[in-house]
């Protein structure tokens, strides 16, 4: 029974101290396949090559959702994350500064595409069939959200981590803009 609880993400999986992303820390070096879809490449600001890292994405703020198509919590959260994405895309200053991606831990490309189609996910999703990203992130439970901010000097840092659903997309978007400092830069008229 414990194995079932772990599989469903309802019971904590022990991890080594310091393995999970922490607010204020550096983002992990995650390598993902370049999307075949030209629209997704343009959205991420990626051109050419077979792989890219999170730091290659052209954005001041990157929101990464760690999910699994088999996670019931991820399935419930999918429409909420879609609404968050649409709210970002509806506001020009947010649209030019924030990108959203999802990584399906333990999911093949087929499983990720099944999740994308079932829940009409509008942002790029990537498979992690061998659990490499999952291991690099300290074996976080799903869903797990990571906010990464590009600093003015070009370095990147984690400004937000969230285990589980985030509730209201409006409140989470406010949290993203406040904790990343993006809210302040928009008031100052900065943009990217």
What is the fewest-to-most order of 169, 89 by other Cβ atoms lying within 10 Å of their Cβ?
-> 89, 169
For 38, 128, what ranking results if the residue with the fewest other Cβ atoms within 10 Å of its Cβ goes first?
-> 38, 128
Just for the chain, what percent of DSSP beta bridges are antiparallel, to the closest 5?
-> 60
Burial ordering of 29, 135, fewest other beta-carbon atoms within 10 Å first = 29, 135
Report the label-to-label distance for residue 83 and residue 47 in nanometres (one decimal), using points 7 Å from each Cα along the Cα→Cβ vector.
-> 3.8
Dividing the Cα radius of gyration by the Kirkwood radius, what Rg/Rh value follows for region 39-187?
-> 0.93
Length gain on complete extension for the stretch residue 76 to residue 91, per 0.36 nm per residue less the alpha carbon to alpha carbon distance?
-> 2.9 nm
Checking 22, 171, 36 against a Gaussian network model of the chain (alpha-carbon springs below 10 Å), the top fluctuating residue turns out to be 36
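Evaluate the relative contact order of region 39-187 (contact order divided by residue number), counting alpha-carbon pairs under 8 angstrom at least 6 apart; express in whole percent.
Once divided by the residue count of region 39-187, the mean separation gives 25 percent.
At a Förster distance of 30 Å, what's the computed FRET efficiency of residue 58 paired with residue 139, Cβ-Cβ distance as r, to 0.05?
Working from the Cβ atoms, E equals 0.55.
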Selected from 97, 26, 37 as most flexible by GNM, with the chain as the system and alpha-carbon contacts under 10 Å | 37
How long is the gain from residue 179 to residue 163 if the chain were fully straight, where each residue apart is worth 0.36 nm and the alpha carbon distance is subtracted?
-> 4.1 nm
Using alpha carbon centers only, region 47-97 is separated from region 22-39 by a whole-angstrom value of 10
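Taken together, the values in this text are just the output of simple stated rules run on the coordinates, not laboratory data. Because the structure is predicted, anything quoted here is derived from the model rather than measured. With ideal geometry, Cβ positions are generated from the backbone for all residues, glycine too; neighbour counts draw on all protein chains shown.
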